[in-house]
Structures are given as structure tokens and as C-alpha cells.
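Okay, so here's the structure we're looking at.
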Amino acid sequence: SSAARGFLPQPGPSDQRISFIDVNELCDFIKVISETNHGDGQTLEIDDGAAEGYGWAEIGAAMAAAAGKQLRAIPLPAFAVHAAAAVNAASHRILGASTVFSPGKARELRHPDWVARPPGNDSLSGWKPSCLLPEGFAKTMRWYREAGWL
């Protein structure tokens, strides 16, 4: 991971806000909702409970703590993100392979507001998140280390 190498690439705008959810908590939420009638027909946005999501400074601090080192933030200019996505998509097209990193994904990465705004999801199911971003990054780094990827 880039954090293990001491840097944090920032593909989004400097004022971007992002919500996160631990994958295990997402699975728990889906299980609770699927076993009840709560949320039928509704669009449900869930997150870790951070009301306004996280900015790059908070993301960087959580990643640095999980990696156990200071991180150098590297803001990526919009044109570089879009150009890299276009080149990646074209090269994959030529090779007949699929890719996740495309011009559409670049637009998503650059969107300024990815904050979930849950309409009282905790009251829908009795479910509440318990894993905030710092703990989630720490769990992820432990997993990378145990898998031998770091």
C-alpha cells in the first residue's frame, strides 16, 4: 500500500469529503435489513457514523497512525487523474482486458462530496456502526501484514 511506503496520493479535490464503512459492518447492516421489513423500498446510505465524512487531513492522519509512520500527502492534479485513466482504459482496450480505472472512475474520484447522509438508519434497524476510520485502517494494515503484502 502507498501508506506503507510513506505517501498518500490524493486523487480528489483538497476540500473533498468522503464517508467510509467497514466491510464487516456493511455485511452486518445488510443482514439486519434483510431479516426485517425496515428499509423496504428506501435508498439507504450508511457510513461509520462520522456525520460529515472525512477530509484528506483526517484520512491521512488515520492512515499514518495505521502505518506507524508519517505520510507525505501528494495531491494529484485533475488533469493527471483524467489522463492516467484515459491511458489506462485505452491500453486495456487494446489488450482486450477490462479495467476499473477508467474515465468514469476518474470522474468519481474527483467528485467533491461522497458523504453518506443516512436518514436515521439506526432507528430503522437498531444497528449502529462501531468501527471508525482509524480502527478500520488499522485492521486493514494488520490484514496486509498477515497476508505478507507488506
query = Mind checking which residues of the stretch 24-50 are over 22 Å from THR140 (Cα atoms) and either polar (S, T, N, Q) or outside any helix (DSSP H, G or I) (or both)?
reply = SER34, GLU35, THR36, ASN37, HIS38, GLY39, ASP40, GLY41, GLN42, THR43, LEU44, GLU45
ask   = So which residues in the stretch 46-60 are open to solvent by 20 Å² or more (accessible area, probe 1.4 Å), over 15 Å from LYS128 (Cβ atoms) and touching a Lys or Arg at 6+ places or on another chain (Cβ under 8 Å), if there are any at all?
value = GLU52, TYR54
message = Among the numbered criteria (1) touching a residue at least 12 places away in the same chain (Cβ under 8 Å); (2) open to solvent by 60 Å² or more (accessible area, probe 1.4 Å), which one does GLY41 miss?
response = (1)
request  = Inspect the stretch 111-132 for any residue being part of a helix (DSSP H, G or I), modelled with pLDDT of 90 or more and either surrounded by fewer than 16 Cβ atoms within 10 Å (Cβ to Cβ) or of a type in the set (A, V, I, L, M) (or both) and give the result as yes or no.
outcome  = no
ask   = Just a yes or no: is a residue in the stretch 81-98 open to solvent by less than 40 Å² (accessible area, probe 1.4 Å), in contact (Cβ under 8 Å) with a residue 40 or more places away in the chain and part of a helix (DSSP H, G or I)?
value = yes
key: Among the candidates ILE33, ILE74, residue that is in contact (Cβ under 8 Å) with a residue 60 or more places away in the chain and surrounded by 18 or more Cβ atoms within 10 Å (Cβ to Cβ)   = ILE33
ask   = Which one of these is part of a loop (DSSP other than H, G, I, E, B) and in contact (Cβ under 8 Å) with a residue 12 or more places away in the chain: ILE59, ILE21?
value = ILE21
message = On the basis of being over 19 Å from the mean Cα position of the chain (by Cα) and of a type in the set (Gly, Ala, Ser), does ALA89 make the cut?
response = yes
note = Taking the stretch 1-18 and the residues there that are touching a strand residue (DSSP E or B) at 6+ places or on another chain (Cβ under 8 Å) and part of a loop (DSSP other than H, G, I, E, B), the one that is surrounded by the most Cβ atoms within 10 Å (Cβ to Cβ) would be GLY12
query = Can you tell me which residue in the stretch 2-58 is modelled with the highest pLDDT, limited to those that are under 18 Å from the mean Cα position of the chain (by Cα) and at positive phi?
reply = GLY53
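The values are calculated or read from the model by the stated rules, or taken from the named source; none is laboratory data. Predicted, not measured: the structure shown is a model, and the values here were computed from it. Quick reminder, even Gly has a Cβ in these numbers, built from the backbone with ideal geometry, and neighbours come from all protein chains shown. Accessible surface areas use protein heavy atoms only, side chains included; no ligands, DNA or RNA. Shrake-Rupley method; radii C 1.70, N 1.55, O 1.52, S 1.80 Å.
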